[in-house]
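J.: This structure is in structure tokens; I'll ask about it shortly.
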Amino acid sequence: MAPSATTAFSPGSSASYLPSTDILSSATTTDHILEGLRSYVSSIDPDECDAGGEDPFFVADIGRIYNLHMIWKKLLSRVEPFYAVKCNNDPVVLRLMAALGTGFDCASKAEITRILDLGVSADRIIYAHPCKASSFVRFAAENNVKNMTVDNVEELYKCKRFFPDANLFLRIHTDDSKSLCRLSIKYGAKIEDAEEILKVAQELGLNMVGVSFHVGSGASDPTAFVEAIENSRHVFDIAMEYGHVMHTLDIGGGFVEETFVNVAHIISRTLDKLFPPHVRVIAEPGRFYVASAFTLATHVIARRYIPQENSHMVYLNDGVYGNMNCIIFDHQVPEPHVLTYQQELVYPEQYTPSTKVKTSLWGPTCDGIDCVSAECYLPYAVEVGDWIYFPNFGAYTLSASSQFNGFNERCHVKYICSEPAAATLAGI
Ligand code: PLP
């Protein structure tokens, strides 16, 4: 039976189990994942299946998420993760995170509802959106979701009117110029405007309990975190002058596996230098937890040879309107791998089945923007009916996919678990 989300598992209690940090950004297509991909594909007969029976699907290794959490607890022990639901709202992922005892960063009524419905208590949620619809603020108040972010004076008046007891975090601007997805062009009070916001909050009698920031999603530069933590210290000090007793720092998201060891070390050192131990530190990681745990498998539905360019156009049943929306919204560059290819074709003399040929990959919709890769090299033998998979596909993919053109109405997730303890926690 799945453990109750309200009686969260304590990772500290299993301190004897610590995965090696070698797993960070190691080859993520493990034998477990390949086996999962192959077994699902072998259950589909493209010649006989119902329409859509060969739809794209994910293989999700829940054990990897568990191991990444253990690494987080080990290397960033002072920082409590509040998983960013927007990054991947798969129900099993959310159930696992709830059972692991993380908090949750929610950005809307729907996300808050999903987390409360798991039995997670309201104090484990931060409503991390500085510009909220008034009705959503009322909803948060009705459900006692007190932690929320603000970055402007108008939002303070909204909170005063609809949720005067809220615990407010002042979201500040960061230098996110080296991140994959910039957020501070839209949110975050400039440091020079922080004082005015804190002053108005004091006049309104609001509870300013902390500072939050986000250095941009996919942030590989640790100096962005250092500068943001220093700025947060400055804002804590100004807040004190206005009588606000701040007790929590929220260092946002932006973590990636590749640089995590270094970034965690630098963050821990900076926090210990600038914030005494009684200050609680939380974060809102998304990508770090789920990116490498999900692999997307797509079916080759059509193929055209373009003699003028001596290149091949390969059409897949997923594209930028579906799970590959990350190409447009998240600036990701998917890496295609061939899972199956047919070797029974008759080859021109100069080719073997595995000769790599110039290929462009396209999604299934009628729109020309639906291009997965303008140029890549795939084996000559890739044909209609083959499967192509894309590793590292768990962040900002299925949570933002649309059904444009009637595609992608059903995307199955096959769960595997390389770490048995995680299966019990996730209830799979
Ligand atoms: N918190 C907020 C407010 C965000 O906007 C985002 C992503 O957009 C995240 C957390 C998660 O960021 P990441 O997936 O880079 O860790």
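The values are calculated or read from the model by the stated rules, or taken from the named source; none is laboratory data. If you're wondering where the values come from, they're calculated on a predicted model, not measured in any experiment. Neighbour counts are summed over all protein chains in view; Cβ atoms, including those assigned to glycine, are modelled from backbone coordinates with ideal geometry.
J.: Consider segment 282-328. How many of its residues are in a loop (DSSP other than H, G, I, E, B) and either more than 15 Å from the chain's Cα centre (by Cα) or away from the ligand (no atom under 16 Å from the Cβ) (or both)?
T.: Step one: of segment 282-328, the residues in a loop (DSSP other than H, G, I, E, B) are 284-286, 310, 317-322.
Retained after the next criterion (residues that are either more than 15 Å from the chain's Cα centre (by Cα) or away from the ligand (no atom under 16 Å from the Cβ) (or both)): 310, 317-322.
Of the residues in segment 282-328, 7 are in a loop (DSSP other than H, G, I, E, B) and either more than 15 Å from the chain's Cα centre (by Cα) or away from the ligand (no atom under 16 Å from the Cβ) (or both).
J.: If a residue must be among the hydroxyl-bearing types (Ser, Thr, Tyr), touching a residue at least 40 places away in the same chain (Cβ under 8 Å) and within 16 Å of the ligand (Cβ to nearest atom), how many such residues does segment 253-280 contain? So that I can check it myself, show each step before the final result.
T.: Going through segment 253-280, the residues among the hydroxyl-bearing types (Ser, Thr, Tyr) turn out to be 259, 268, 270.
Remaining after also requiring touching a residue at least 40 places away in the same chain (Cβ under 8 Å): 268, 270.
With the extra rule that they be within 16 Å of the ligand (Cβ to nearest atom), the set shrinks to none.
Adding up the residues that qualify gives 0.
J.: A further question on this structure: How many residues does segment 396-411 hold that are over 22 Å from GLU111 (Cβ atoms) and modelled with pLDDT of 95 or more?
T.: 0
J.: Please specify each residue of segment 177-227 satisfying the condition of being of a type in the set (A, V, I, L, M, F, W, C), within 15 Å of the ligand (Cβ to nearest atom) and either at pLDDT 95 or above or within 15 Å of ASP250 (Cα to Cα) (or both). Before the answer, list the steps.
T.: At the first step, the residues of segment 177-227 found to be of a type in the set (A, V, I, L, M, F, W, C) are 180-181, 183, 185, 189, 191, 194, 197-198, 200-201, 204, 206, 208-209, 211, 213, 215, 219, 224-226.
Right, trim to within 15 Å of the ligand (Cβ to nearest atom) and you get 180-181, 183, 185, 189, 211, 213, 215, 219, 224-225.
Within segment 177-227, ALA189, VAL211, PHE213, VAL215, ALA224, PHE225 meet the criteria.
J.: Pairs under 8 Å by beta carbon, first residue outside the structural domain of ILE126 (by TED's automatic domain parsing) in segment 86-109, partner assigned to a helix (DSSP H, G or I) and within 16 Å of the ligand (Cβ to nearest atom), six or more apart or different chains?
T.: If the second residue must be assigned to a helix (DSSP H, G or I) and within 16 Å of the ligand (Cβ to nearest atom), no pairs are left.
J.: Please count how many residues of segment 70-125 are within 13 Å of the ligand (Cβ to nearest atom), within 14 Å of ALA140 (Cβ to Cβ) and β-branched (Val, Ile, Thr).
T.: 1
J.: While we're looking at this one, here's another question. How many residues does segment 181-233 hold that are surrounded by fewer than 16 Cβ atoms within 10 Å (Cβ to Cβ), in a loop (DSSP other than H, G, I, E, B) and over 24 Å from the mean Cα position of the chain (by Cα)?
T.: 2
J.: Something else about it: What number goes with the only condition from (1) modelled with pLDDT of 95 or more; (2) outside the structural domain of LEU37 (by TED's automatic domain parsing); (3) aliphatic (A, V, I, L, M) that ILE369 does not pass?
T.: Failed condition: (2).
J.: Then there's this: Can you name the residue in segment 126-176 that is within 16 Å of the ligand (Cβ to nearest atom) and of a type in the set (Phe, Trp, Tyr) and, of all such residues, is farthest from HIS214 (Cα to Cα)?
T.: PHE136
J.: While we're looking at this one, here's another question. Taking only segment 394-421 into account, find how many residues are farther than 20 Å from CYS326 by Cβ and aliphatic (A, V, I, L, M).
T.: The qualifying residues number 2.
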